[in-house]
C-alpha cells in the first residue's frame, strides 16, 4: 500500500499531462491522505482530465473582421471603415430610406458629383479623428452641389449662411465667396462640427445644431431638463426639417453601408486624391488658368467655384484646385508663359465718368452690355454713379464672352422657402516663382434651392 501511495503522483502527472499538474498535485494530496484507498478506487480517480478545448464548438460562423493595416482600393470601403457615430433607429429613418431608394437616378447623380470631393473630405475627417459618415452630410445639405443656395441665404456644399461663414473666416465680397470654395468651406464646416460636438458631447445633437443652430438646440435641451424629460435628439421638440435631418443622414449611411442589401449599384471610387492644389502669389485670369492646365473652363470653375469674376485676385488667398493629373501640366505651361514675360491677368479697371453710359463702355472694350453687366455683377438694384469701377477686358484677355455666363453668382434674392410637412406613416414622400504645389488628399452644377436655418 505504501508503494502504491508513493506512485500516485507520478501516475497523475503522466496521465493528466503537464497542463494539469496543479490539479494533479491537489488530487494526490487527497489520495495519499484518504483512508482505505484501493487500486480500483485510484484507477477510477485517475481517469484523464477533460480537455477544455473540446468544450468549445467550432460550428459558429467566424466574427467578421476589418483589415485596417492595408488601405482599401475603394474609397467607399475606406469610408465604411471609419463609420463611428451611434446609429439612429426610428420610423423617420425608414421613411427617408424609402424616399431615397425610390429615386435611384437621383442617388446616382449625387454620388457621381461627389466623386470630385469625397477623397479630400474623408482624408480631412480622418486627420481630425471625426466619424467618416460626416462626409455624407453634403448630400443632405446640398446634394454635393457647391453652388446650392437656400432661402436662408445659405450657400455652398456645406450651406453656410453669411454670419456663420464670417465667424469661420470664409471671405465674402464682390470678387469671390469662400462659402463656395471646396477646400476652405470643408475646413470651416469641420471646425464648426467639432465645436458643436464638444458643446453637446453627442453627434446627433451636434448635427441638429448644424441645421437649426446651437442656441436653438440649447434652449430645447434646457426646456426638457426643466420638465425632467430626456434630452437626446429624439426627445427634443424641434422644427420638422431638423427632426428629419439626422434620419436623412442615417438613411444614406445605411444605403452606403450595405448597397447590395438595398439593390443599389454603387460604382467604386478610387482611393486616391482627385485633385491637387497650387498656391498663387498674384492675380490670375480664370480662362488663362484653365488653358494652362489644359482643362475646359467649366471643369476649372467646378473645382474653383468661389470666384464671381473672371480674375482671381491675390486677396483671395485661396489655392487653385486642379485635377491631380493636371498639376504638373499647369506648372510646366505656367513656367513657359512667365518665361515669355506675359502677364497672368489681362483685365483692367475702368472708372465710370460723369455722363458715361454702360453701353458706351461695353462698345469701347468690344463686349456686349449684357456681358459687361454679368462680369461686374450689375443688376436692377445696383447703383451706377460716376466713379463706379468696372472690370473690363484688355487686348490679351481670352474667352471673356463665354466665361461671363459661366461664372457663379450669388443671387440677389434668396429662393422661396420650401414648406416641410411630416410624412404619414408608411408613405415615402521647376517651379515658377511664387508657386507652391500641394497635393490634396478631391461638373459644374446648377444652383439648387434648399430650405435652411442656421
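The values are calculated or read from the model by the stated rules, or taken from the named source; none is laboratory data. This one's a predicted model, so the numbers in the text were calculated from it and none came from an experiment. Every residue, glycine among them, receives a Cβ derived from its backbone with ideal geometry; neighbour counts consider all protein chains shown.
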Exercise. Answer yes if at least one residue in the stretch 162-171 is more than 30 Å from residue 375 (Cβ to Cβ), surrounded by fewer than 22 Cβ atoms within 10 Å (Cβ to Cβ) and assigned by TED's automatic domain parsing to the domain that holds residue 198, and no otherwise.
Key: yes
Quiz prompt | Within the stretch 323-362, tally of residues that are over 37 Å from the mean Cα position of the chain (by Cα), surrounded by 12 or more Cβ atoms within 10 Å (Cβ to Cβ) and part of a strand (DSSP E or B) | solution = 2
Quiz item: What do you reckon, is residue 162 modelled with pLDDT of 95 or more and touching a strand residue (DSSP E or B) at 6+ places or on another chain (Cβ under 7 Å)?
Solution: yes
Quiz item: Among the listed residues 113, 96, 80, which satisfies the condition of being buried (at least 17 other Cβ atoms within 10 Å of the Cβ), assigned to a helix (DSSP H, G or I) and over 19 Å from the mean Cα position of the chain (by Cα)?
Solution: 96
Self-check item: All positions within the stretch 302-322 that are under 20 Å from residue 147 (Cα atoms) and in a helix (DSSP H, G or I)
Solution: 302, 303, 316
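One residue is enough: does the stretch 379-396 have a residue meeting the conditions under 38 Å from the mean Cα position of the chain (by Cα), assigned to a helix (DSSP H, G or I) and surrounded by 17 or more Cβ atoms within 10 Å (Cβ to Cβ)?
The answer is no; no qualifying residue exists.
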Quiz item: Of all residues in the stretch 363-378 being touching a strand residue (DSSP E or B) at 6+ places or on another chain (Cβ under 8 Å) and under 24 Å from residue 412 (Cβ atoms), which is surrounded by the fewest Cβ atoms within 10 Å (Cβ to Cβ)?
Solution: 367
Quiz item: Only one of (1) surrounded by fewer than 17 Cβ atoms within 10 Å (Cβ to Cβ); (2) within 18 Å of residue 107 (Cα to Cα) is not met by residue 215, so which one is it?
Solution: (2)
